[in-house]
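Take a look at the structure set out below.
The values are calculated or read from the model by the stated rules, or taken from the named source; none is laboratory data. Since this is a predicted model, take the numbers as computed values, not measurements. In this analysis, Cβ positions are derived from the backbone assuming ideal geometry, glycine residues included, and neighbour counts consider all displayed protein chains.
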Amino acid sequence: MNKAAAPLVMSAGQRESLAVLARSSSAAHREVQRAKVLLMAADGVANSTIAASVGVTPVTVRAWRDRFVSEGLSKLGVVRQGRGRKPVLSAEKVEEIVRLTQHEKPSGATHWSCRSMAKQVGVSPATVQRIWSGRGLKPHLVKTFKLSNDPAFEEKLIDVVGLYLNPPENAVVLCMDE
């Protein structure tokens, strides 16, 4: 037998706010679910019926009802402390990876690779890659320009740039990288 709990008592304004939220296609799924649960609870529908209709457990329905009674709508979308997915990697470990990437070089190498950093700090290469991507770090890119040590470099440079700026009549100027 489906035993109905006492209907939730809510104001007309609260009911209207929940009705708008329950129909929303852009609000967070969790908030839409909670709005539907609370509207059905205000209509006197049993917790087990609400749970089956919305796709949550009866315990969750009771928890959301109790939270509405104690807090109202003010914290409807707030996830309580300790809920949700826990971070796998500590903030200290992330900061260590960033610090090493930016301020130190591995011994015997010119820059860090995902694998060398992962081995150094004890995480997976994919984790290092996610941190680097998230922070926009690219330790493999060199941000310097190296001039040639050819003694005739300046004359060659002037000749090449001169071809681009003032090409000969009916000439095609092509550039090939070494």
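Determine, yes or no, whether His111 is out of contact with any helix residue (DSSP H, G or I) (no Cβ under 7 Å at 6 or more places or on another chain) and surrounded by fewer than 12 Cβ atoms within 10 Å (Cβ to Cβ). For His111, the condition - out of contact with any helix residue (DSSP H, G or I) (no Cβ under 7 Å at 6 or more places or on another chain) and surrounded by fewer than 12 Cβ atoms within 10 Å (Cβ to Cβ) - is not met. Number of residues in segment 31-77 that are under 18 Å from Gly13 (Cα atoms) and of a type in the set (Phe, Trp, Tyr): the value is 1. In this structure, does Ala27 turn out to be over 35 Å from the mean Cα position of the chain (by Cα), modelled with pLDDT under 90 and outside any helix (DSSP H, G or I)? The answer is no for Ala27.
Suppose we filter segment 1-21 for residues that are crowded, with 19+ Cβ neighbours inside 10 Å and either among the basic types (Lys, Arg) or within 35 Å of the chain's Cα centre (by Cα) (or both); how many remain? Count: 2. Determine, yes or no, whether Ala118 is aliphatic (A, V, I, L, M) and either within 30 Å of Ala27 (Cα to Cα) or surrounded by 13 or more Cβ atoms within 10 Å (Cβ to Cβ) (or both). Yes; evaluated as a whole, the condition is true for this residue.
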